[in-house]
Every structure is written in C-alpha cells, then in structure tokens.
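First the structure, in the form of structure tokens, and then the observations on it.
Where a number appears in this text, it was derived from the coordinates with a stated rule and is not lab data. Predicted model, so just to flag it, every value in this text is computed and none were measured. Cβ: placed from backbone, ideal geometry, glycine included. Neighbour counts: every protein chain shown.
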C-alpha cells in the first residue's frame, strides 16, 4: 500500500479498547478488527482469510488472535498466521493524543456487480422495501441494496431477528398487495425466515426471500452454516433457485419476482456470497 493511496482515519477514541481486547470498527465500507496487545494497537481486515469469519468477534488467546468460527490463530498486530500462508491483511496504525488512527485505502468508485444487476431487476418489478439483517454471506447483495437505497429507489429496514423481517414482508403484502423482500444470511438466518414465510404462504401475500449461502467451493461437504435451503423451504416456496456464477442472473430475478407476484405465498430465492455478487456484470 503506497502512501499516496491511503488516508489516516480516526478509528478509536482514547481508552476505547482495553489491553488484551478485540473489537470491530467500521470506516466507510471497510470493517476492521482492532486489537490492543502488549501496549500496541493492531488493525486487521475483519474478514478471516481462512473462511471469512469475523475476526473482530474473536479473542486474544495465548498471545494470538483467534477466529471465533474455526479457531484459526493470527498475530494480533501483523496478521501473520504461524505455520500457515493465509496471512490476514493489516493496516498501519498511529496512536495520537486524541485517538487511534489507521491508514486506510481511499474509497474506490463503485463497480457494477451481478448483485447490482439483480437488485435493479427487483426494483423494476416493484419491490421497494427490504427488511433484513446483513452478515458475512450476503454482503455482496446487501451492498447492491445499499446502492439502490442511496439512489432513492428502495428503502432498507434493519431488523434484530430474521423472523421479524419475513413477518414484516408478509404484513406489507397483505396491506398493499405489493411484494417486499426479506434478507438474511446463510444457515440459521435463512431458517429463521420460515415462520413468517409460512404466514405469507397461508394468506397469499407476495414475498421475496433473499438469503446467503456458503461459497461454491465448500458447498456440499457440510461447511459452516451450510443448509440445503431448497429442501428446508419445501412447500413454503412457490419457486426457489440457487444463484451461481454460471446462472442467468437477470432471468433468475425475473422469475423470482414473477412467481412472488403471480403465484402468491412465500417465495424464496437464495444468493451465494462469493464472486457472483462481487464480479462485474454485463450491463447489457
């Protein structure tokens, strides 16, 4: 990282992070894992290079930062992984009198993604409200929702439990006759939507469910939070389909929205969080 490509940003207040502790800090669109160990502060990319776990929710054990998902250890200051090659990304830290500053890369112009394409199609079908919870497995899609909200095309509502999101969508559909979308992460987040989706199904309320899923390369062997969502949703979904890098992404969203509006009931489609949501899409 060159000096010209970074900016020093205030990340922590004085005495905000006690010795031996870890916490997350967000600046712009970047989430950091901030550490304080043996008098030094460290700033690492919050995403564990092993399988994307949230390092900022981990802890310092025996002098190493431990990922809460699989127990992989990293140097809390440099991000080095003893005995392994997958080193965490670290950023320069400067402790000043008023705060702890981190040299962060300048925000880059947004590049249109497959997630953007799909959310644009969703908005075109009249989905103007999204209720949900953002997590590691739906970040690409969530960022596309953010872009559309900033453009004034839809409204996002953060919730504390995924069941509240699906019930909110069901209620909105009953009152207006128009579809709304609920957003969740993979695994337990996706299954938490079920009760509200059954409510929508019984009362024929148009709902679109957007969920995360594990990366394609670990889909099948039983990776962390992997669930067969097509089987789990069963008869509650009028139409369901995984989104892969080989999919016709615009057509999948068209079919999902069409099924939700015409067939009624709980409609479910799930989004894999990987290059699919973050790769450039063909604007055509």
I'd like to compare 59-66, 194-201: which one has the highest average count of other Cβ atoms within 10 Å, and what's the full order after that? 194-201, 59-66
Out of all DSSP beta bridges in the chain, what portion is antiparallel? Express it as a percent rounded to 5. 60 percent
Sort the following peptides by mean Cβ neighbour count (other Cβ atoms within 10 Å, averaged over residues), highest first: 47-53, 102-108. 47-53, 102-108
What is the distance in Å between the Cα centroid of the stretch 1-41 and that of the stretch 83-140? 16 Å
Based on other C-beta atoms within 10 Å, arrange 143, 94 from fewest to most. 94, 143
Starting from the Cα of residue 7, step 7 Å along the direction of its Cβ; do the same at residue 61; then give the gap between the two resulting points in nm. 3.8 nm
In terms of the alpha carbon gyration tensor, root eigenvalues a ≥ b ≥ c, rounded if a/c is under 1.5 and otherwise prolate when a/b exceeds b/c or oblate, the stretch 1-71 is oblate
Rounded if a/c is under 1.5, else prolate if a/b is larger than b/c, else oblate: which is the stretch 48-87, with a ≥ b ≥ c the root eigenvalues of its Cα gyration tensor? oblate
Once you keep just the Cα pairs under 8 angstrom separated by 6 or more residues, what percentage relative contact order results for the chain? 15 percent
What helix-only [θ] at 222 nm does the chain give? Using -39500 (n - 2.57) per DSSP H run of at least 4, over all residues, to the nearest 500, the answer is -7500 deg cm²/dmol
Suppose we keep just the alpha-carbon trace of the stretch 29-118; what are its Rg and Dmax in angstrom? 14.7, 47
Place the peptides 6-13, 81-88 in order of packing, highest mean first, counting for every residue the other Cβ atoms within 10 Å and averaging per peptide. 6-13, 81-88
Just for the Cα atoms in the chain, what are the lengths along the principal axes, largest first, rounded to whole Å? 60, 38, 34
Contact order relative to length for the stretch 3-105, counting C-alpha pairs under 8 Å separated by 6 or more residues, stands in percent at 29 percent
